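What follows is a short report on a single structure.
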Amino acid sequence: MSNFDPPPRISVILITWNSAVYLPRCLDCLEAQTLKDFEVVLVDNGSTDGSLDGVESRWPGLTLHVERLDENRGFAAANNIGARMARGHWLALLNADAFPEPDWLAQLLRAAENNPEFTFFASRQIQANAHDLLDGAGDAYHISGLAWRRCAGFPAAQFGLEPEEVFSPCAAAALYPRQAFLQVGGFDEDFFSYHEDVDLGFRLRLQGFRCLYVPDAVVQHIGSAALGAQSDFALYHWQRNFIWSFIQNMPSALLWEALPAHLMANIIHIVGYTIRGRGKVVLKAKKDALRGLSRTLRKRQEIQKTRKVSSVELLRTMERGWLQPYLLGYHIRKIRQTMPPSK
């Protein structure tokens, strides 16, 4: 990567870990982008499946820079490495199992230019294995600390069709200004993975930045976010990380108001997953969250010291229904019952 070359407008940060099944399709989609003024910074987390073999020469239409790590340092750390390597004004984060439409980058950049009151941007994610269903339309954040992908599992023909403000983007396909990303410290590397994008979005919001969902910026994403089975790895990190994010980011005026909902969320998950035979994983996550509490409180001091947005303005972007996070599956099933049968 030459420092003398003019910087591109966008740096696509692509994190891989044993992604041989998906990476070729993802890079094909990037090579087909109608907007050409971008580079791809590919950071590999110590893959052992040969996914990077010949990668620099197989996509000659891409300006591709590869950083090979000798171990899996996590999604958060790998993205931060990519962001520091990047030279573009914008960082477009993309998962290896997310396949963007040809105008994905062009639509995100157009939205950024036409909506200067917004700083970071969320894509419309379609389930790659079920094109009639959404995988997400930006992320929602509940006052309890829980978060979810908006409209995940909902019919794509009916939902997520209009641009609107959302709490934060899913980092599987998102656009951030590089300067703002680095200003707030990038992803929290203690999270390793899961909920790190919501945490980053929270810190950006505390600085007064706002997020816009861009329905014309479309990617197909492998897997379903709705009612899908979770690995113990995913469950552990999600259950630990949402506690850390809540504690370090929630302003004091809201923290005490939201604490009962946060405690209720933890109790419901402990009981619910114990009934399903996965209580050990959740309890370990809660214990480890408490073990890391002193570090989280130190981070909180730094984060809150630089907060620029009022608690009232922040609360406006959050979900507040007490039962809302626990009825998502019910609403998905109810809405799907209205869908015509697949042909």
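Using the Cα gyration tensor of segment 8-90, with a ≥ b ≥ c the square roots of its eigenvalues, what is the shape: rounded (a/c below 1.5), prolate (a/b larger than b/c) or oblate (neither)?
Values: a/c = 2.09, a/b = 1.20, b/c = 1.75.
Oblate is the answer for segment 8-90, as a/c is 1.5 or above yet b/c matches or exceeds a/b.
For Cα pairs less than 8 Å apart in space and 6+ apart in sequence, what is the mean separation divided by the residue count of the chain, i.e. the relative contact order in percent? All intermediate terms of the calculation are to be shown ahead of the outcome.
Working: 638 pairs, mean separation 61.3, N = 343.
Relative CO of the chain lands at 18 percent.
With a sphere of radius 13 Å drawn around the Cβ of His65, what net charge do the other residues whose Cβ falls strictly inside it have (Lys, Arg +1; Asp, Glu -1)?
Counting the neighbours of His65, the net charge comes to -2.
Can you pull the one-decimal nm distance between simple spin-label points at Lys334 and Val66, each 7 Å off the Cα toward Cβ?
Roughly 5.0 nm, to one decimal.
Determine the gain in length on full extension of the stretch Lys286-Ala157; use 0.36 nm per residue of separation and subtract their C-alpha separation, reporting nm with one decimal. Mind dumping the intermediate values first?
Values: separation 129, 0.36 × 129 = 46.44 nm, distance 3.89 nm.
Once the chain is fully extended between Lys286 and Ala157, it gains 42.6 nm.
What does the charge count around Leu314 come to, taking other residues whose C-beta lies under 13 Å from its C-beta (Lys +1, Arg +1, Asp -1, Glu -1)?
With Lys, Arg at +1 and Asp, Glu at -1, the net is +3.
So for segment 139-224, averaging the separation of alpha carbon pairs under 8 Å that are six or more residues apart and normalising by length, what relative contact order in percent results?
Here the relative contact order equals 37 percent.
Counting only complete DSSP H runs, which helices of the chain cover 27 Å or more along their long axis at the Cα atoms and score a mean Kyte-Doolittle of 0.5 or above? List each step's numbers first, then the result.
Values: long enough: 252-275 (35 Å, 1.14).
Membrane-span-like by this criterion, though nothing is claimed about a membrane: 252-275.
Report the full-extension gain for the segment Glu56 to Glu319: residue separation times 0.36 nm, less the Cα-Cα distance, to one decimal in nm.
90.3 nm
How large is the helix-only mean residue ellipticity at 222 nm for the chain, computed as the sum of -39500 (n - 2.57) over DSSP H runs with n ≥ 4, divided by its residue count, in deg cm²/dmol to the nearest 500?
-12000 deg cm²/dmol
Rounded, prolate or oblate, given the Cα gyration tensor of the chain, with a/c below 1.5 counting as rounded? If you can, show how the numbers build up before the last one.
Details: a/c = 1.43, a/b = 1.28, b/c = 1.11.
In terms of gyration-tensor shape, rounded.
With +1 on the Cβ of every Lys and Arg and -1 on the Cβ of every Asp and Glu, and nothing else charged, how large is the dipole of segment 198-343 about its Cα centre, in debye rounded to the nearest 20?
Roughly 300 debye for segment 198-343.
Taking just the alpha-carbon atoms of segment 263-336, what radius of gyration and Dmax come out, in angstrom?
Just the Cα atoms of segment 263-336 yield Rg and Dmax of 16.8, 45 Å.
Specify the inter-centroid distance of segment 1-71 and segment 193-266, based on alpha-carbon positions, in whole Å.
27 Å
Going through segment 286-317, which trypsin sites (Lys or Arg not before Pro) have at most 11 other Cβ atoms within 10 Å and a DSSP loop state?
Hits after loop and neighbour filter: Lys308, Arg316.
So what are the ³J(HN,Hα) numbers for segment 178-190, from phi and the Karplus equation (6.51, -1.76, 1.60; θ = phi - 60°), rounded to whole Hz, Gly and Pro as x?
For segment 178-190, the Karplus-derived couplings read 4, 4, 5, 4, 6, 4, 8, x, x, 6, 6, 6, 5 Hz, x marking Gly and Pro.
In whole Å, largest first, what are the principal axis extents of the Cα atoms in segment 93-236?
Extents along the principal axes: 37, 37, 28 Å.
List the chymotrypsin sites (Phe, Trp or Tyr not before Pro) within segment 1-45 that DSSP assigns to loop and that have no more than 14 neighbouring Cβ atoms inside 10 Å.
Here the chymotrypsin sites (Phe, Trp or Tyr not before Pro) that fit, given the DSSP loop and packing criteria, are Phe4.
Hey, if we sort Leu323, Leu212 by accessible area with the 1.4 Å probe, largest down, what's the order?
On the way: Leu323 110, Leu212 15 Å².
Result, largest first: Leu323, Leu212.
The values are calculated or read from the model by the stated rules, or taken from the named source; none is laboratory data. A quick note: this is a predicted structure, and the numbers were derived from the prediction, not measured. Reconstructed Cβ throughout: ideal geometry from the backbone, glycine too, with neighbour counts over all protein chains shown. In case anyone asks, the SASA skips ligands and DNA or RNA and just uses the protein heavy atoms, side chains included. Shrake-Rupley method; radii C 1.70, N 1.55, O 1.52, S 1.80 Å.
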